[in-house]
Each structure stands twice: as structure tokens, then as C-alpha cells.
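Q: This structure is in C-alpha cells; I'll ask about it shortly.
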Amino acid sequence: MNDETRTNSRKDRRRESEKLILQAAEKVFSEAGFGGATMQLIADVAGLPKANLHYYFPTKEGLYRQVVQKIFLDWLKAADVFDNADGPIEGLGAYIDAKMEISRRHPEGSKVWASEVMHQAPVIQDYLETTLTEWTDGRIAVIERWIEQGLMDPVDPRHLLYMLWATTQHYADFNHQIETLNGGAPLSDAQWEAAKQSVKQIILRGIGATPA
């Protein structure tokens with residue numbers, strides 16, 4: 001094995017270990033909150049020695065911020081469709097699809113974010129004041145452009161975004177409630193598709209979205 005192969009192998013192991021730790025941390029933080037979570041518990045859930053956990057993430061706050069950043073970056077990526085979409089039907093439709101899929105596959109991360117914000121964001125307030133604010137302003141500008149082009153009704157872009165977040169993230173933050181009302185079972189693939197279509201229909205028709 002040459003030096004390059006060994007280096008790549010170490011990088012692969014590191015990525016896998018970090019992925020495993022972040023998945024465990026999402027679960028623990030979503031269930032216990034930042035205050036109730038411990039590095040030992042996260043290590044136990046990840047199936048790793050606590051020393052290994054501290055090697056990759058020296059502090060609980062650092063690990064917590066990584067978990068929060070991960071879900072937010074997933075949400076940012078979901079919004080990439082805004083910039084190149086011809087109008088709200090394409091842009092908001094694809095955004096709803098992507099956000100709903102994230103809620104389906106990563107509910108724990110969404111719950112961590114929700115809990116943090118409900119507690120006045122003691123750890124990530126700086127993130128809200130910078131990254132989230134800049135992102136929101138950028139999306140507002142796109143929505144205002146669609147309004148000026150006559151592609152949707154003149155609604156307040158900020159409140160439209162709040163509605164989109166609340167609706168799509170509900171499927172993650174309150175998934176237990178949804179499963180209970182679904183006979184105690186998770187939504188099936190067909191039910192998820194139906195949910196996406198319903199949310200898009202209600203929101204897009206509600207804002208009077210028309211094809212570009």
C-alpha cells in the first residue's frame with residue numbers, strides 16, 4: 001500500500017466515523033436536548049469509545065453546532081432551485097418536494113433545530129443573525145421578483161417562507177403525531193407523495209401562482 005492509498009484510506013475512515021457520530025448525535029440531541037445530552041451517551045449510541053468521539057469532536061458544543069449546521073445546509077441546498085427557477089410553480093414546487101424529503105429522511109436534525117430555536121437559540125444565535133438572515137433576504141428578493149413579473153399574488157414573502165418552513169418541517173418535528181393519526185405506522189411511499197402533492201397544491205393555489 002503506497003502513501004497515497006494509506007492517506008485516502010484514513011480519510012475514508014474519518015468520514016465514516018464522523019458520519020456515524022453525527023447520526024448518533026442527532027438522535028441524542030433530538031431526544032435529550034443540548035443540556036440533557038452527554039458525550040458518553042452519544043458515544044454509546046454511536047458504538048464508539050468516548051475517546052474516539054473526543055478525537056473528532058473535542059467539545060459537546062462543537063458537535064452540537066455541527067449537527068445544527070448539517071440540517072441547515074441540507075435546507076439551504078434544497079433552496080438552490082430558487083435561483084434558476086422560471087417562476088414560483090417550479091421554484092416553490094421543487095423546494096417543497098426537497099424540504100419534505102429532508103423531513104422524511106432526517107427528522108432528528110429538524111427536531112434539534114426546532115428545540116434550539118424554541119429555547120431562544122442559546123448556542124446558534126449568531127448563526128440565525130448571519131447565515132439565516134442573509135439566506136432569507138436572498139429568497140425574499142426572488143419571491144418579490146416573481147410578484148413583479150405577475151407570476152403570483154402580492155403576498156408578504158417573509159410570511160410565505162414562514163408558512164413553507166412550518167408546513168414542511170411539521171412532518172419531521174411532529175412525526176410521532178402524524179404516525180399516531182396514521183394508525184401507528186409511518187407514512188408509506190405513496191402517502192409521502194400524496195402529502196407532497198397536497199402541500200404544493202394548497203400553497204401554490206393559495207398564492208395564485210401561474211406558469212412562467
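The rows are residues; the columns are (1) of a type in the set (D, E, K, R); (2) out of contact with any strand residue (DSSP E or B) (no Cβ under 6 Å at 6 or more places or on another chain); (3) more than 19 Å from VAL112 (Cβ to Cβ).
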{"site": "GLU144", "(1), (2), (3)": "yes, yes, yes"}
{"site": "PRO157", "(1), (2), (3)": "no, yes, yes"}
{"site": "MET163", "(1), (2), (3)": "no, yes, yes"}
{"site": "THR168", "(1), (2), (3)": "no, yes, no"}
{"site": "ILE178", "(1), (2), (3)": "no, yes, no"}
{"site": "GLY183", "(1), (2), (3)": "no, yes, yes"}
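Q: For the stretch 44-71, how many residues are free of Cβ contacts under 8 Å to residues at least 12 places away in the same chain and under 22 Å from SER115 (Cα atoms)?
A: 2
Q: Tell me which residues, restricted to the stretch 121-144, are surrounded by 12 or more Cβ atoms within 10 Å (Cβ to Cβ) and farther than 18 Å from LYS77 by Cα.
A: Across the stretch 121-144, the qualifying residues are ALA121, VAL123, ILE124, GLN125, GLU144.
Q: So, one more: Return the residues of the stretch 77-110 that are farther than 26 Å from GLY150 by Cα and either touching a Phe, Trp or Tyr at 6+ places or on another chain (Cβ under 8 Å) or open to solvent by less than 50 Å² (accessible area, probe 1.4 Å) (or both); say none if nothing qualifies.
A: At the first step, the residues of the stretch 77-110 found to be farther than 26 Å from GLY150 by Cα are 77, 100-110.
Within the stretch 77-110, MET100, GLU101, ILE102, SER103, ARG104, PRO107, GLU108, GLY109, SER110 meet the criteria.
Q: Give all pairs with beta carbons closer than 7 Å in which a residue from the stretch 106-124 that is assigned to a loop (DSSP other than H, G, I, E, B) meets a residue that is open to solvent by 20 Å² or more (accessible area, probe 1.4 Å); count only pairs at least 6 apart in sequence or on separate chains.
A: Close Cβ pairs satisfying both conditions: HIS106/ASP74; ALA121/LEU128; VAL123/PHE34; VAL123/GLU61; VAL123/ARG65; ILE124/ARG65.
Q: Looking at the stretch 176-212, which of its residues are under 22 Å from the mean Cα position of the chain (by Cα), among the polar types (S, T, N, Q) and more than 29 Å from ASP156 (Cβ to Cβ)?
A: SER188, GLN191
Q: Another question, if that's okay. Taking only pairs six or more apart or across chains, which ones have beta-carbon atoms under 9 Å, a first residue in the stretch 1-28 that is farther than 19 Å from TRP113 by Cβ, and a second residue that is open to solvent by 50 Å² or more (accessible area, probe 1.4 Å) and modelled with pLDDT of 90 or more?
A: If the second residue must be open to solvent by 50 Å² or more (accessible area, probe 1.4 Å) and modelled with pLDDT of 90 or more, the pairs left are SER17/ASN52; SER17/TYR55; GLU18/GLN66; LEU20/GLY47.
The values are calculated or read from the model by the stated rules, or taken from the named source; none is laboratory data. Everything numeric in this text was worked out from a predicted model, so none of it was measured. Cβ coordinates were reconstructed from backbone atoms using ideal geometry, including for glycine residues, and neighbour counts include every protein chain displayed. Side chains are part of the model used for accessible areas, which takes the heavy atoms of the whole protein and leaves out ligands, DNA and RNA. Shrake-Rupley method; radii C 1.70, N 1.55, O 1.52, S 1.80 Å.
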